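Enquirer: Pasting a structure below so you can have a look.
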Amino acid sequence: MRFEHLVLIHGWGCDRRIWQLLQEELEERLALPVKILELPGFGARRGEDWPQLNKLLGELAQEIPRNSLLLGHSLGGMLAVRLAACSERVAGVITLAANARFTATAEWPAMAPAVFDAFCAAFAAGPAQAWQRFCGLQAQGDENARILLKQLRALAPPAIGDAWPAALECLGQLDNRLLLQRLQQPQLHLLGERDALVPAGVAETLRALGVAAETIAGAGHALPLGHAPAVAARIDAFVQRHGGAEGFIDAEGSITAEGSIPAEGSIPAEDSLDAEGFIVAEGSIGAEGSAAADNTDTAEVGGEAAEPFSKTAVARSFGRAAASYDAAAHLQRAVCRQLLAGLPAAAQPRRILDLGSGTGYGSALLRARFPAAEIVALDLAEGMLAYARASRPAADGYIAADAERLPLAEGSFDLVFSSMALQWCYRLPQLFAELRRVLAPGGRLLVSTLGPGTLRELKAAWSQVDSGVHVNRFLPAADWAAAARRADLPGTVQKEERVLHYACAMELMRDLKRIGANNVNRDAGRGLTGRQRLRRLSQAYESQRGAAGLPASYEVFYLQLQRGSASGERDVGGENAARGERAESTESGGHRGPGVREVITESGGISASGAGKSPDARSDTGAGAGVRGVRS
């Protein structure tokens, strides 16, 4: 039986937010739609009462799609086992940090009943204080306990309702020991090696019963939040063993899926898909309503030229796509992680600007690595900022503004981080002058952006249909390096190519539409693309089909730059070149790189140093001393 859906159930004292990091990891690996069930009394259901167990299971079972793989954390895992035993919709079950029973017996390792009773009494006396203690217990023992505790406390509920004591009582009463031995569906139980709530010895006890159980090294109780990559890898392996989806996404972002070009009658209706061209970005940067927003296109797009599109249109497009963006942004997240991995381990920035922050994925990664830093998220699209505030509240401040006209004080950030956003900026000298201005002496600038090889297959296919502009004109690496050099920001530019694969052209179109990458070029035709033209596009694209499907290539540039200290500029790239550093280019599936690395030196030269290895503004939160008045 194939798994067709992945259903997540959180534990006691948590809500859907506990799944954020793990959900993103799973979406990188599995081509399964994800559904999150919240329990009564928690999250969006905080006003509801906790029902009797059978009624609760019946309600949850109605929410589960057929052929679902259930993934439950702690209490959610125990309920997932019950659901697997009573619902034919469940095709498999995985639990995280969930015991067969939460309290110990003479034969079963678990929390001592007296300790559990004491916690229940403490919760009755002071729910808020007991919840804080519960956060500490979840983080206790984890190899990243301090960071994890901060992350857990950031998920504080707006209120603790009357359902919480009843849910706690349910946790203490559940006993799934016999059910685990009788389940017909495939199952896996993942436990933290250092869990303070569920002893790691449970894994051995389960295995003695013939039940699959594994431990995650260095982990405490909060497995979904603290060890998302390791947990996702185990889940991926389980899915491939027991019931793979129709397609998988590998760790490098390469998608493989079964399928073929749509049948004659399966092209979407004209009013369902605007496929007039696509631009891909993690977050949009531009000047909404600025004087340059509606200038006409010019030939010198790499210099002081105006944009070939309206930035106001860019903002609207990405704002509308905020809610659907993350489900399709597999490549954007992979590039964001790689960009951050390029920051030296010794770096400890105190103030960080997430420039083109989008839905907040980069801000969350930055918060996880630098929990004490002040993080300001800046993006053009207010819809993106609103989504990030609600779904990933990792930043300390949120600002809607233009990257080329930053409403920020000079020298106010130790790190400016911008992933897959600045390709919307065409006046690179002005952009880099602003970036250098807001960097503190010695501050670092990390940028990932797209090059002219991006979506070349789509461009080639469209060229067989008409002569319109359907893909954005991305600037070459030489333009980025030259702008950085003129701004006295030495460092390196690395290049790589990532290739996604799709079953048909329409899948690519839908993914691009979901991330808000609609065509905003002034040279593009207006109106919806007709079914006949879409059919012709699909037929033209078919000539490029390979064994993995239809390719969609992305040329990615990674810039690692640094402003000089007060005593003079530091030639970061020059230091590497002087040491004769070389790294081997890597190829894995649809991912190559980063490839050739160019060194930007203060003297104005750019030299290849071998192949690199991937190692009107508004503020609503008082982003700190770095924010200044609106620039006119």
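The values are calculated or read from the model by the stated rules, or taken from the named source; none is laboratory data. Everything numeric in this text was worked out from a predicted model, so none of it was measured. Because the Cβ atoms are built from the backbone with ideal geometry, glycine has one as well, and the counts that use them run over all protein chains shown. For the accessible areas, the whole protein counts, side chains as well, though only heavy atoms, and no ligand, DNA or RNA atoms are used. Shrake-Rupley method; radii C 1.70, N 1.55, O 1.52, S 1.80 Å.
Enquirer: Kindly indicate whether residue 47 is at pLDDT below 95 and either within 30 Å of the chain's Cα centre (by Cα) or not aliphatic (A, V, I, L, M) (or both).
Expert: yes
Enquirer: Same structure, new question: Output the residue which, of all residues in the stretch 7-60 that are among the small types (Gly, Ala, Ser) and closer than 16 Å to residue 222 by Cβ, is surrounded by the most Cβ atoms within 10 Å (Cβ to Cβ).
Expert: In this case the residue turns out to be 11.
Enquirer: Among 203, 233, which is open to solvent by 10 Å² or more (accessible area, probe 1.4 Å) and not aromatic (Phe, Trp, Tyr)?
Expert: Only one candidate passes the filter, namely 233.
Enquirer: Continuing with the same structure: Looking at the stretch 372-406 only, could you name the residues that are more than 16 Å from the chain's Cα centre (by Cα), of a type in the set (A, V, I, L, M) and more than 28 Å from residue 429 (Cβ to Cβ)?
Expert: Correct list: 372, 373, 386.
Enquirer: Please specify each residue of the stretch 457-468 satisfying the condition of being within 23 Å of residue 501 (Cα to Cα), open to solvent by less than 50 Å² (accessible area, probe 1.4 Å) and assigned to a loop (DSSP other than H, G, I, E, B).
Expert: 465 - this is the single residue of the stretch 457-468 that is within 23 Å of residue 501 (Cα to Cα), open to solvent by less than 50 Å² (accessible area, probe 1.4 Å) and assigned to a loop (DSSP other than H, G, I, E, B).
Residue-by-condition table, conditions (1) over 30 Å from residue 54 (Cβ atoms); (2) touching a helix residue (DSSP H, G or I) at 6+ places or on another chain (Cβ under 8 Å):
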site: 153; (1), (2): yes, yes
site: 165; (1), (2): no, yes
site: 168; (1), (2): no, yes
site: 177; (1), (2): no, no
site: 195; (1), (2): no, no
site: 200; (1), (2): yes, no
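Enquirer: Go through 47, 41 for me and flag whichever is in a loop (DSSP other than H, G, I, E, B) and in contact with a Gly (Cβ under 6 Å, 6 or more places away or on another chain).
Expert: 41
Enquirer: Okay, moving on. Only residues that are over 27 Å from residue 534 (Cα atoms) and either more than 28 Å from the chain's Cα centre (by Cα) or open to solvent by 50 Å² or more (accessible area, probe 1.4 Å) (or both): list them for the stretch 469-483, please.
Expert: Within the stretch 469-483, 476, 478, 479, 482, 483 qualify.
Enquirer: From the list 8, 22, pick out the single residue that is out of contact with any Cys (no Cβ under 8 Å at 6 or more places or on another chain) and either outside any helix (DSSP H, G or I) or aromatic (Phe, Trp, Tyr) (or both).
Expert: Result: 8 is the single residue among 8, 22 that is out of contact with any Cys (no Cβ under 8 Å at 6 or more places or on another chain) and either outside any helix (DSSP H, G or I) or aromatic (Phe, Trp, Tyr) (or both).
Enquirer: Considering the stretch 138-197 alone, what residues qualify as being in contact with a strand residue (DSSP E or B) (Cβ under 8 Å, 6 or more places away or on another chain), among the acidic types (Asp, Glu) and open to solvent by 40 Å² or more (accessible area, probe 1.4 Å)?
Expert: Residues satisfying the conditions are 175, 193.
Enquirer: Now a separate question. In the list 526, 533, 473, 456, which residue meets the criterion of being among the charged types (D, E, K, R), at pLDDT below 90 and in contact with a strand residue (DSSP E or B) (Cβ under 9 Å, 6 or more places away or on another chain)?
Expert: Answer to the selection: 473.
Enquirer: Considering only the stretch 124-152, how many residues are within 26 Å of the chain's Cα centre (by Cα) and aliphatic (A, V, I, L, M)?
Expert: Summing the residues that are within 26 Å of the chain's Cα centre (by Cα) and aliphatic (A, V, I, L, M) in the stretch 124-152 gives 6.
Enquirer: Any idea which residue in the stretch 71-99 is surrounded by the most Cβ atoms within 10 Å (Cβ to Cβ), counting only those that are in a helix (DSSP H, G or I) and aliphatic (A, V, I, L, M)?
Expert: Filtering first and then ranking leaves 80.
Enquirer: Being among the hydrophobic types (A, V, I, L, M, F, W, C) and open to solvent by 30 Å² or more (accessible area, probe 1.4 Å) is the filter here, so list the residues in the stretch 382-408 that pass it.
Expert: Result: 386, 390.
Enquirer: Considering only the stretch 34-55, I want to know if a residue exists there that is under 26 Å from residue 160 (Cα atoms), in contact with a Ser or Thr (Cβ under 9 Å, 6 or more places away or on another chain) and of a type in the set (Lys, Arg).
Expert: yes
Enquirer: Something else now. Of the residues 414, 396, which single one is touching a Pro at 6+ places or on another chain (Cβ under 7 Å) and either of a type in the set (A, V, I, L, M) or closer than 26 Å to residue 147 by Cα (or both)?
Expert: 414
Enquirer: Taking into account only those residues within the stretch 90-123 that are of a type in the set (D, E, K, R) and farther than 14 Å from residue 168 by Cβ, which is farthest from the chain's Cα centre (by Cα)?
Expert: Result: 107.
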